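Engineer: Following this message is one structure expressed as structure tokens.
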Amino acid sequence: MPHPMTDQEWEAQNGSLHPDEARARGLCWCCQGRAVLYTAFGGVQRKVPCPERCNNGQAK
């Protein structure tokens, strides 16, 4: 059985591309192609829609 992710592991799913690199790949600079952002606080882990209202993770 997989171990539960820590808050840091959960948030690491957001990726590490620089916004310019994401745009060069045709991805949204904010969510990097995921259409969601991963956030966590105190063990509560959530996925929230990209606030940029991107085209399902693709650049506008």
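Engineer: With the condition kept exactly as written, say whether any residue in the range 24-32 is open to solvent by 90 Å² or more (accessible area, probe 1.4 Å) and of a type in the set (S, T, N, Q).
Structural biologist: No; the residues of the range 24-32 include none that is open to solvent by 90 Å² or more (accessible area, probe 1.4 Å) and of a type in the set (S, T, N, Q).
Engineer: How many residues does the range 15-57 hold that are in contact with a helix residue (DSSP H, G or I) (Cβ under 9 Å, 6 or more places away or on another chain), polar (S, T, N, Q) and not in a loop (DSSP other than H, G, I, E, B)?
Structural biologist: 2
Engineer: Residue under question is residue 10, and the condition is that it be aromatic (Phe, Trp, Tyr), under 14 Å from the mean Cα position of the chain (by Cα) and open to solvent by 60 Å² or more (accessible area, probe 1.4 Å); does it hold?
Structural biologist: No, not satisfied.
Engineer: Among the residues of the range 42-60, count how many are within 15 Å of residue 13 (Cα to Cα) and touching a residue at least 24 places away in the same chain (Cβ under 8 Å).
Structural biologist: Of the residues in the range 42-60, 2 are within 15 Å of residue 13 (Cα to Cα) and touching a residue at least 24 places away in the same chain (Cβ under 8 Å).
The values are calculated or read from the model by the stated rules, or taken from the named source; none is laboratory data. From a predicted model like this one, the values you see are computed outputs, not experimental measurements. Neighbour counts run over all protein chains shown; Cβ positions are idealised from the backbone, glycine included. When the accessible area is computed, the model is the full protein with side chains, heavy atoms only, and any ligands, DNA or RNA have been set aside. Shrake-Rupley method; radii C 1.70, N 1.55, O 1.52, S 1.80 Å.
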